Structure formats: structure tokens, C-alpha cells
1. Is it the case that the stretch 225-237 has a residue that's outside any helix (DSSP H, G or I), within 16 Å of the ligand (Cβ to nearest atom) and of a type in the set (Val, Ile, Thr)?
2. Condition check: assigned to a loop (DSSP other than H, G, I, E, B) and modelled with pLDDT of 95 or more. Does GLU195 satisfy that?
3. Just the residues that are within 15 Å of the ligand (Cβ to nearest atom) and part of a loop (DSSP other than H, G, I, E, B), please, taken from the stretch 93-110.
4. Is there a residue being of a type in the set (S, T, N, Q) and farther than 30 Å from ALA413 by Cα anywhere in the stretch 20-38?
5. List pairs: first residue in the stretch 274-285 and farther than 11 Å from LYS253 by Cα, second residue among the hydrophobic types (A, V, I, L, M, F, W, C) and assigned to a loop (DSSP other than H, G, I, E, B) anywhere in the structure, Cβ distance under 7 angstrom, at least six positions apart or on different chains.
6. Return the residues of the stretch 266-280 that are farther than 14 Å from PHE307 by Cβ and crowded, with 18+ Cβ neighbours inside 10 Å; say none if nothing qualifies.
7. Hey, could you check the stretch 154-177 for residues that are under 24 Å from SER21 (Cα atoms) and out of contact with any helix residue (DSSP H, G or I) (no Cβ under 8 Å at 6 or more places or on another chain) and say which is nearest to the ligand (Cβ to nearest atom)?
Amino acid sequence: MDKFVIQGPAALEGSIRISGSKNASLPMYAAAILAREQPLVLDNIPRLRDVFTMLEVLGVLGVESNWTDEHTVSLDATGGIAETAPYELVRKMRASVNVLGPLLARLGQARVSLPGGCAIGTRPVDLHLKGLAALGAVIDVEHGYIVARADKLRGARINLLGANGPSRGATANVLMAAVLAEGVTVIEGAAREPETADLCNLLNAMGADIEGIGESTLTIHGVASLNGVEYPVMSDTIEAGTYIAAAGITRSKFVLENCPTAMMEPINSVFTRAGIRLQELDDGRLSVDGTDGLRPVEARTAPWPGFPTDMQAQLMAMCCLAPGISVFTESIYPDRFMHVPELVRLGALITRDTATAIVHGVAGLQGAHVMATDLRASAALVLAGLAAQGETQVLRVYHLDRGYEGMELKLQALGADVRRVSED
Ligand code: EPZ
């Protein structure tokens, strides 16, 4: 297993390129199953562990993937498609469950392992199953597998709102079944994240007929078939937000290229409140300036257009150095605070009360050995290590590799002293 060895404090400058979006692209690979006649070609794809896992799942299903350049992958589902997504792959990456809807639409049957839980909490799929059943699928759970059958999918009115709000995965799964269902489907309580909108735009480019994109009610007019197209995936809003937090915690100024600024308002508004100066430049570049110092913030995670839970740990790391008291409330995953004890090891002052964490800003952090536990918690520890005095070692950075393309290379390009060291 690899670790990062970081010498802090770092002063960052220059520019880096934001990669394609992990969370926009993951359901898109599954959408390739819907293209019978031509391959689906996706551009601006990030080279991430989760992407390679998803391509492995598709391979088992009979979808051939070929990288036509470093960030473009061609997905060929024109041959025979198998119905089973096995446990040993699905357990590695929950988003694999997104193959359920497309398999039902293509084959009329599917056998997909129930995804496991993970460090940030239980990850139920009841809303996925509710939506697909509403379209006419008969669904059983047998020996840890979801077994679904549907002679014909028929349009329906479906409310996908769960106790914690909309579900991005369930919206994607139901969407990718409804596009080939007979008649009209109305999804109420749909996820509104830009990544979900990007999936809708891909499906429409493939020949689907989806209205209300970006809104909480989506109307899908079923069509007979979809075509393979070439489509550029949007850039990663969470990766960009993570590097904005890096500018804040190191009081640096630098430029993000290929940045999806227009789709980041719920993230950027919080950073602006925290004292970061953001300025949109030409051709997709964003200037991020943390040199004025930080102000404490109150942040409550919520479904889009609220502040995203995937940015909570990174913002918290930055606010450890904001003079005053910052308050974080986690409404999506109440246990998503694995980063708190590790930040405390670096000298942060944080108290936690169930779904809320209170951060008392400190003058500085001290380097230490810390353990990564999940993707965004790992990013938070790297950010803190950049600002900490002395050496920080972040262990088990395979978590980071799931969602950040070449993080150490990008930080080195900005002038940080970060080394990836193999632990084996
Ligand atoms: C997506 O996961 C993201 N992953 C997660 O990002 C993100 O944290 C999460 O949405 C919330 O924004 C991808 O897009 C690949 P949900 P997903 O279904 O789709 C509950 C990262 O760091 N729920 O929108 O699995 C659920 O428990 C990852 O990149 C049900 O109750 O999340 C949660 O409280 C981590 N029943 C809420 O809804 C269901 O059937 C939102 O979950 C499904 C979900």
C-alpha cells in the first residue's frame, strides 16, 4: 500500500488541470450497455481506480473497453451482454449497481450483487429497487444478489425522494431504464446534481428524450433504441473544490484549468464566505486566491443545490486554521467524520456531537502520521499535511486513488513537497 510523505508548510503557485468528473462518468459507463449498434465513446475521462473497476464490471458483462487516448475510452456493447455483475467487483465500488437499470432495459433481466456498506455509512439501494419496480420489474433479493426481471418496462410516475432527500444513484438507475420503457415516466424527487444533469445530456445525445434536466422532476418519453455517440464528460466539481481548499489552507494563489466553475456555485459560495477570492478567467480557467487568510464558516451538507457532502471533509480541514468557530452539520451521511480524529492528531481542535462537528481555529498544525479511511477524508488529511509544520505521512492513499487523478503530481506541479512512497 502507498503513502504520501509531505513536508509542510507548502506555498503553492502556478496552474493545474482539473480532470473529468468521477461521479458524472460512473453511471455513463453503465449507459454504454444501452447502445446496441455503435460503441459509446467518452472523452475527458479521469484515470481513477473507480473507473478501472467500473470498466472491469462492464468487461464481465460483455462490454469491451478500449482507451483510444489517455483520457478517451470507447465502450463497445454491440455483442452479447451477460446479466450478472458479480459480488467480488460490486463490493469494490458501489456505483457498479448502476448497471441494473441498463441491463433491465437491454435484456429484460439482471443479477447484480447488493453493494456493501463503506466507511461513510450504510449505503441502501431501496430507492433504486422501488423505482425499477414501478417501471414493471419483478425484483427479488437472493443470496446477496438483486435478481430483476421485466418482460416489458412501462412508463410510470415515480417519487424517488428518500428520508435523506434525493438519491443520485437511484435517479441514474431509473433514468437508464426509463429511456427505453414504453410510454412516459415522470421521476419526482430526482437528484439535481450537475453530474446527474450530465448523464441526462449524454442520454439525450444518444437519442433519449428527457425533459426537466437539472430540476427535481424529470419527464422521460421512452424511445425504441439509443445510439453510441462521442461525448465529453464534465470536469470534476469536487476535485476543483478540493484544490480551492488547498489554496485556502496554504494561503496560496494559483489557477485551475478546465474548471467547471459554472456548475460550482453551491461550493464556491461557501469558499467565498470563508475568505477565498475566486475569479473566473478566460477559456475555463479559475483563479483561486487564499492569500487574504480565512474566516470561519457554518456549513450544512445537503442535496444539490445545497453544499455537497463530498466537500465536507476538505472544507473542515481548511477551517482548522480559520480564526474562530466553524460548524459542520452532515445531513446526508451522519457518520462521515472519519477525518476528525486524524485532523486532531495534526493539532486541530474539533469536537463532535452526532451529526455535527465544531472546529475551533488554531494558529497552526504539526506534522504527524495519519491514516486515510475513505476518499474525501484522505483528501482532507493531505490538505492538512500541506499546511502542517514538518513531515506528515498519510497512510493508505489507495483511498485517494479512487477519486483523485495523480494528486501528488498535481500538488508537485504547484510546488508542494509531496512524495508517493510504496509501503510494501
Ligand atoms: C453519490 O453516491 C456519490 N457517488 C457519493 O460520492 C456522494 O457522497 C453521494 O452521492 C451523496 O451526494 C457517486 O456519484 C458515484 P445517493 P450515491 O444515492 O448515489 C440515501 C464520493 O466521495 N439512499 O445520492 O450512492 C443514502 O443513504 C462519493 O465521490 C437511500 O436511503 O448516493 C444517502 O443518505 C462518496 N436509499 C442519500 O440517500 C437508496 O436507495 C444520498 O445517497 C439510495 C440512497
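The values are calculated or read from the model by the stated rules, or taken from the named source; none is laboratory data. This structure is a prediction, so every number in the text was calculated from the model and none was measured. For neighbour counting, all protein chains shown are included, and Cβ atoms are generated from backbone atoms with ideal geometry for every residue, glycine included.
1. In the first step, residues of the stretch 225-237 are kept if they are outside any helix (DSSP H, G or I); the result is 225-236.
Filter again for within 16 Å of the ligand (Cβ to nearest atom), leaving 233-236.
Cutting the leftovers down to of a type in the set (Val, Ile, Thr) gives us 233.
The answer is yes; a qualifying residue exists.
2. On the way: assigned to a loop (DSSP other than H, G, I, E, B): no; modelled with pLDDT of 95 or more: yes.
So GLU195 does not fit the description; no.
3. Correct list: MET93 only.
4. Yes, because at least one residue in the stretch 20-38 is of a type in the set (S, T, N, Q) and farther than 30 Å from ALA413 by Cα.
5. ALA274/LEU294; ALA274/VAL297; ALA274/ALA322; GLY275/LEU294; GLY284/CYS259; ARG285/CYS259
6. Of all residues in the stretch 266-280, those farther than 14 Å from PHE307 by Cβ come to 275-280.
The answer is GLY275, ILE276, LEU278.
7. Per the criteria, the residue is ASN164.
Residue-wise test of (1) surrounded by fewer than 18 Cβ atoms within 10 Å (Cβ to Cβ); (2) β-branched (Val, Ile, Thr); (3) away from the ligand (no atom under 15 Å from the Cβ).
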residue: ARG91; (1), (2), (3): yes, no, no
residue: VAL112; (1), (2), (3): no, yes, no
residue: HIS128; (1), (2), (3): no, no, no
residue: ALA137; (1), (2), (3): no, no, no
residue: VAL141; (1), (2), (3): yes, yes, no
residue: ILE146; (1), (2), (3): no, yes, no
residue: LYS152; (1), (2), (3): yes, no, yes
